[in-house]
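Report on one structure; see the data block that follows.
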Amino acid sequence: LFSSALTLTMAFSANSALAACDEGEIVVKFSHVTNTDRHPKGIAATLLQERVNAEMNGVMCMEVFPQSSLYNDDQVLEAMLQGDVQLAAPSLSKFEAFTRQFRIFDLPFMFANIEAVDQFQASDTGQAMLDSMQRRGLQGLGYWHNGMKQMSANVPLMVPTDAEGLKFRVQPSDVLIAQMEAMGASPQPMSFSEVYGALQTGVVDGQENTWSNIWGQKFFEVQDGTTQTDHGIIDYLVVTSVDWLDGLEPQVRDQFLTILSEVTETRNAESFAVNEVAKQSIIDAGGVIRELTPEQRAAWVETMKPVWEQFVDDVGQVNIDAAQAINE
Ligand code: LMR
């Protein structure tokens, strides 16, 4: 694992700080799973690394490990609690073992767009969620946006019944499992790094993801096409361990958190545009993208939305109402 992580990191990031950390610097390993190019998270992580290493030189040194080159999302939170990695930004769907509050972000058609997600996260409820796993040793530092999810498969998907009987890869989230079951499909939880191979070999027939992930992992190459359903969202929690954060000198912690919040604001404002670039890249590479008529889209809403009822107790009706009020 170590040697492949090293090779990948060197190949992916010419300005990787691996060799640049000086003795005495606080080393911050940031492990994530996506590509760095044309990806909201990849770009934000690179910018964070550049700023920390330039502005905190001599004090702190960040090493970013993209593309699951150090850990996949199933492992990274445990590794963080062990102190083997200091920063991660898993999608909000990957915290099931720690909290059920984030399930609201997985409910299909809960948020009309990423601005609505942003507003919900900025509310008192959204901000309180950052602290909701402290007891379990994890501290949320902020939310990073990706974008709206689209649906792809090895057959054209125009109405939900087209997905009946197909196997879909899902992130390890009970909401997403329920959503696929509502479509009559068979959900298969699997880590991100395994999806391309699973699609290619037919272990699964389809998957749901953002344009930047469909582009970055080249899913479009091994699918019949992607349908623009915009049925859900992928967003991230930038997360660290309570122990590590508490162990920093106040001044160092403040400087680090200030840089992080500036990077968050700058890059979140660009997340939609980055996904549009990725979408265009898919088209330019010959990938098929299908648009829905309003009637077809209504059929997806009708099939998926009843899933909310199963999770009201976990996410709270007041929060559902708050999210819906933002959409209006
Ligand atoms: C996925 O597993 O599909 C995504 O959460 C990957 C990511 O980090 O965007």
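Enumerate the pairs (first residue in the range 153-164 and within 26 Å of residue 197 (Cβ to Cβ); second residue anywhere and of a type in the set (S, T, N, Q) and surrounded by 19 or more Cβ atoms within 10 Å (Cβ to Cβ)) with beta-carbon separation below 7 Å, excluding pairs fewer than 6 apart on the same chain, so at least 6 apart or on different chains.
Matching pairs, first to second residue: 153/223; 154/223; 157/227.
Quick check, is residue 200 modelled with pLDDT of 95 or more, buried (at least 18 other Cβ atoms within 10 Å of the Cβ) and not basic (Lys, Arg)?
no
Does residue 74 satisfy being within 14 Å of the ligand (Cβ to nearest atom), charged (D, E, K, R) and touching a helix residue (DSSP H, G or I) at 6+ places or on another chain (Cβ under 6 Å)?
Taking the combined requirement at face value, the residue does not satisfy it.
Give the residues of the range 87-134 that are farther than 20 Å from residue 260 by Cβ, of a type in the set (D, E, K, R) and in contact (Cβ under 8 Å) with a residue 12 or more places away in the chain, sorted by residue number.
Matches in the range 87-134: 96, 100, 103, 106.
To keep it simple, each residue is scored yes or no on (1) touching a Ser or Thr at 6+ places or on another chain (Cβ under 6 Å); (2) at pLDDT 95 or above.
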| residue | (1), (2) |
| --- | --- |
| 9 | yes, no |
| 23 | no, no |
| 26 | no, yes |
| 33 | yes, yes |
| 37 | no, no |
| 45 | no, yes |
| 49 | no, yes |
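Would you point out the residue of the range 193-225, among those that are touching a helix residue (DSSP H, G or I) at 6+ places or on another chain (Cβ under 6 Å) and more than 11 Å from the ligand (Cβ to nearest atom), that is farthest from residue 108 (Cα to Cα)?
By that ranking, first place goes to 200.
Hey, can you tell me all the residues within the range 239-261 that are of a type in the set (Asp, Glu) and free of Cβ contacts under 8 Å to residues at least 24 places away in the same chain?
246, 249, 254
I need the full set of residues from the range 161-178 which are among the polar types (S, T, N, Q) and either away from the ligand (no atom under 14 Å from the Cβ) or over 18 Å from residue 310 (Cβ atoms) (or both), in order please.
Result: 161, single match.
The values are calculated or read from the model by the stated rules, or taken from the named source; none is laboratory data. These figures come from a predicted structure and were not determined experimentally. Positions of Cβ are backbone-derived with ideal geometry, glycine not excepted, and every protein chain shown enters the neighbour counts.
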